[in-house]
Amino acid sequence: MAKHTVTLIPGDGIGPEITSAMRQVVEATGVDIEWELADAGEHVMGEYGTPLPDYVIESIKKNKVAIKGPVTTPIGTGFRSVNVALRKALDLYTNLRPAFSIPGTGARYEDVDIVIVRENTEDLYAGVEFEEGTPEAAELIAFVAEKGAGTIRPDSGISLKPISISGSERIVRWAFEYALANHRRKVTAVHKANILKYSDGLFLRVAREVAAEYEGRVEFEDRIVDATCMGLVLRPDQFDVLVLPNLYGDIVSDLAAGLVGGLGIAPGANIGAEYAVFEPVHGSAPKYTGQDVANPTAEILSAALMLGHLGEREAAQGVLAAVKAVLAEGTRVTYDIKRTNTGSTEGSVGTQAYADAIIEKIG
Ligand code: NAP
């Protein structure tokens, strides 16, 4: 029997190519993993009648750990995001997105080492929405007017932003525990509490309460989200661990990815009390599907996070070291890295050739 069984969700778009590269790299470390294939996305709807079949959730519940490629969310066709549904079904309340400088990426900064801890289950991603023109939207608009809570134009669509004490408490605590376990100096809570008093205001209040328990062990500060974005671009080295509600976390993590060389190299993990699903920050980049050009680094570094989670620290470090070595050499890199370094994609290699270069280093 394999030492670890991991659910593998290739996804769509560039997903199958980058997960194949990832799998080869992980196998090169010699870690004993059995991959249990379970796919999700629009392409499985014909067979299962849903983009997220029950057996996918059951597989993750059984194995506790999964790694996935990106899954496309078609705009305006009715089905909600598979990614959001998966996070909700497994209560994966933490979205961990580290952004750190790697020499050779051509990024604007060389000294970024930021960890983004994004709340993953509530906020504007709760999926509580009212479509413009429906009786439900009209009823809600009338209710708001009746309670003297404000005026909403009758031709509005409405998305609710629920932020709870329990949801905020567990994510902020997770950020502090992560900071302690990983010898990080400071946690910054990011919000817009000056405007959104009852949602972000609550998040900030809870963050301050939790922070008080860690006083003397981990520093704490809070910042408004717009000022945080400017601060990140101006002087990213002032940040360490950031904890954010869902939407700000999503946006700020793409910004952080941009600081260190782009989405092609930004890994991530969705973690709950019982299960963990690893995946890159980026999406399915449909225009690159099947072209063997996408950068698999984000997927491979997500696998390094997964190996660490499985207790395979040496293998995790081996993967990271191999990625760093190939990027530092700069001769066998994908189009995005070449473009950032030289302004042109000329001389770049494909997904598989890049993975082969990493495997060579591991070997
Ligand atoms: P995206 O797929 O992340 O792609 C945006 C751009 O980022 C690409 O055009 C490309 O830039 C760059 N990029 C992304 N991945 C890359 C890689 N591996 N290597 C090199 N460059 C990469 O964002 P999107 O086009 O907004 O989203 C496409 C679909 O993915 C949507 O349906 C969205 O909902 C979904 N999505 C899924 C997930 C997930 O599964 N967790 C996450 C985010 C989005 P250039 O054009 O400059 O080359």
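Laboratory data are not the source of any read-out in this text; all were calculated from the coordinates shown. What you see is a predicted model, and the numbers here were worked out from it, not measured in a lab. Methodologically, a virtual Cβ is constructed for each residue, glycine included, from the backbone with ideal geometry; neighbour enumeration extends over all protein chains shown.
Below, the figures for the structure above:
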| item | result |
| --- | --- |
| Highest to lowest packing among 4-13, 32-41, scored as the average C-beta count within 10 Å | 4-13, 32-41 |
| As computed over segment 235-278, the Cα convex hull volume per residue (Å³) | 91 |
| Net charge of Cβ neighbours under 12 Å - reference Q24; Lys, Arg +1; Asp, Glu -1 | -4 |
| DSSP-defined antiparallel bridges as percent of all bridges, the chain, nearest 5 | 40 |
| Equivalent ellipsoid semi-axes - Cα gyration tensor, segment 159-254, angstrom | 20, 17, 11 |
| Distance cut-off 32 Å, percentage of C-alpha pairs in the chain lying past it | 34 |
| Viscosity 0.890 mPa s, temperature 25 °C, Stokes-Einstein D of segment 207-280 from Kirkwood C-alpha radius, µm²/s | 174 |
| All lysines inside 23 Å of K147 as judged from Cα atoms, apart from same-chain residues fewer than 8 positions distant | K161, K197 |
| Shape category assigned to segment 71-197 from the gyration tensor of Cα positions, a/c cut at 1.5 | prolate |
| Translational D in µm²/s for segment 1-45 (Stokes-Einstein at 20 °C, 1.002 mPa s, Kirkwood Rh from C-alpha pairs) | 189 |
| Estimated [θ] at 222 nm from DSSP helical runs (n ≥ 4, -39500 (n - 2.57)) normalised by residues in the chain, nearest 500 | -13000 deg cm²/dmol |
| Under 5 Å, built H, 5+ apart or other chain: amide partners of T334 | V349 |
| All-pairs alpha carbon distance profile, segment 62-135, 10 Å steps from 0, percent | 14, 33, 29, 20, 5, 1 |
| Electrostatic dipole magnitude of the chain [Cβ: Lys, Arg +1; Asp, Glu -1; Cα centre; debye, to 20] | 720 |
| Proximal lysines to K61, defined as alpha-carbon separation beneath 16 angstrom and excluding residues fewer than eight positions away on the same chain | K88 |
| Karplus-derived 3J(HN,Hα), 6.51/-1.76/1.60, for each residue of segment 181-197, Hz, glycine and proline x | 5, 10, 6, 9, 7, 9, 10, 10, 8, 10, 7, 9, 5, 5, 9, 9, 5 |
| Coordinate range along principal axes, alpha carbons of segment 257-352, Å, largest first | 44, 28, 26 |
| Signed unit charges on C-beta, dipole axis of the chain, positive-most listed residue V82, V225, T289 | V225 |
| Translational diffusion coefficient (Stokes-Einstein; Kirkwood radius from C-alpha pairs) of segment 10-142 at 20 °C, 1.002 mPa s, in µm²/s | 120 |
| Compactness of segment 121-182 as Cα Rg over 2.2 N^0.38 Å, two decimals | 1.61 |
